[in-house]
(Lines give C-alpha, C1' and ligand atoms only; values in the text may rest on other atoms or scores of the structure.)
Protein backbone atom coordinates (compact mmCIF):
# COMPACT_ATOMS: atom_id res chain seq x y z
CA UNK A 1 0.00 0.00 0.00
CA UNK A 2 1.31 3.45 -0.93
CA UNK A 3 0.01 6.91 -0.17
CA UNK A 4 -1.13 9.11 -3.03
CA UNK A 5 1.51 11.54 -4.25
CA UNK A 6 -0.11 14.64 -2.74
CA UNK A 7 -1.40 13.10 0.48
CA UNK A 8 -0.41 16.19 2.50
CA UNK A 9 -3.11 18.11 0.62
CA UNK A 10 -5.88 15.62 1.48
CA UNK A 11 -7.51 18.01 3.95
CA UNK A 12 -8.60 20.09 0.92
CA UNK A 13 -10.31 17.22 -0.92
CA UNK A 14 -14.10 17.00 -1.03
CA UNK A 15 -13.83 13.23 -0.76
CA UNK A 16 -12.12 13.50 2.62
CA UNK A 17 -14.68 16.05 3.83
CA UNK A 18 -17.57 13.78 2.81
CA UNK A 19 -16.08 10.69 4.43
CA UNK A 20 -15.31 12.53 7.68
CA UNK A 21 -18.88 13.87 7.78
CA UNK A 22 -20.31 10.42 7.09
CA UNK A 23 -18.35 9.13 10.08
CA UNK A 24 -19.36 12.04 12.29
CA UNK A 25 -23.11 11.70 11.67
CA UNK A 26 -23.57 8.48 13.69
CA UNK A 27 -21.35 9.82 16.47
CA UNK A 28 -23.37 13.03 16.64
CA UNK A 29 -26.67 11.11 16.56
CA UNK A 30 -25.79 9.42 19.86
CA UNK A 31 -25.44 12.79 21.61
CA UNK A 32 -28.61 14.43 20.24
CA UNK A 33 -31.42 15.04 22.74
CA UNK A 34 -34.31 12.56 22.51
CA UNK A 35 -36.73 15.33 21.46
CA UNK A 36 -34.62 16.10 18.39
CA UNK A 37 -34.13 12.41 17.57
CA UNK A 38 -37.89 11.95 17.65
CA UNK A 39 -38.31 14.55 14.90
CA UNK A 40 -35.81 12.85 12.56
CA UNK A 41 -36.59 9.31 11.38
CA UNK A 42 -33.61 6.98 12.05
CA UNK A 43 -33.90 5.55 8.53
CA UNK A 44 -33.42 9.05 7.13
CA UNK A 45 -30.20 9.43 9.10
CA UNK A 46 -28.93 6.15 7.66
CA UNK A 47 -29.82 7.26 4.15
CA UNK A 48 -28.13 10.64 4.60
CA UNK A 49 -24.99 8.96 5.91
CA UNK A 50 -24.95 6.52 2.98
CA UNK A 51 -25.43 9.28 0.39
CA UNK A 52 -22.61 11.37 1.86
CA UNK A 53 -20.31 8.33 1.96
CA UNK A 54 -21.12 7.51 -1.67
CA UNK A 55 -20.39 11.14 -2.61
CA UNK A 56 -17.02 10.75 -0.91
CA UNK A 57 -16.19 7.61 -2.86
CA UNK A 58 -17.26 9.19 -6.15
CA UNK A 59 -15.32 12.37 -5.39
CA UNK A 60 -12.23 10.31 -4.65
CA UNK A 61 -12.04 9.08 -8.24
CA UNK A 62 -12.68 12.53 -9.74
CA UNK A 63 -9.69 14.78 -10.45
CA UNK A 64 -9.85 17.45 -7.73
CA UNK A 65 -6.92 19.53 -8.91
CA UNK A 66 -7.54 23.18 -9.63
CA UNK A 67 -7.29 24.49 -13.20
CA UNK A 68 -3.93 26.14 -12.48
CA UNK A 69 -2.45 22.71 -11.72
CA UNK A 70 -2.37 23.04 -7.94
CA UNK A 71 -4.43 20.79 -5.68
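The values are calculated or read from the model by the stated rules, or taken from the named source; none is laboratory data. Bear in mind that the values here come from a model prediction, so they are computed numbers and not experimental data. Using ideal geometry, Cβ is built from the backbone for each residue, glycine included, and neighbour counts are taken over all protein chains shown.
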(Q) What's the number of the only condition in (1) exposed (fewer than 13 other Cβ atoms within 10 Å of the Cβ); (2) in contact (Cβ under 8 Å) with a residue 40 or more places away in the chain that residue 38 fails to meet? (A) (2)
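Is it true that residue 56 is at pLDDT below 90 and over 12 Å from the mean Cα position of the chain (by Cα)? Give the steps one after another, and end with the answer.
Values: at pLDDT below 90: yes; over 12 Å from the mean Cα position of the chain (by Cα): no.
Taking the combined requirement at face value, the residue does not satisfy it.
From the set of residues in the stretch 4-19 that are in a loop (DSSP other than H, G, I, E, B) and in contact with a helix residue (DSSP H, G or I) (Cβ under 9 Å, 6 or more places away or on another chain), which is modelled with the highest pLDDT? Even if it seems obvious, please write down each step before you answer.
Start the filter on the stretch 4-19 by keeping residues that are in a loop (DSSP other than H, G, I, E, B), which leaves 4-6, 13.
Of the ones still in play, those that are also in contact with a helix residue (DSSP H, G or I) (Cβ under 9 Å, 6 or more places away or on another chain) are 4, 13.
Working: 4: 80, 13: 88.
Per the stated criteria, the residue is 13.
Of all the residues that make up the stretch 42-60, how many are exposed (fewer than 11 other Cβ atoms within 10 Å of the Cβ) and touching a helix residue (DSSP H, G or I) at 6+ places or on another chain (Cβ under 9 Å)?
If we filter the stretch 42-60 for residues that are exposed (fewer than 11 other Cβ atoms within 10 Å of the Cβ), which is where we start, we get 42-44.
Among the residues that remain, those that are also touching a helix residue (DSSP H, G or I) at 6+ places or on another chain (Cβ under 9 Å) are: 42.
Number satisfying all stated conditions: 1.
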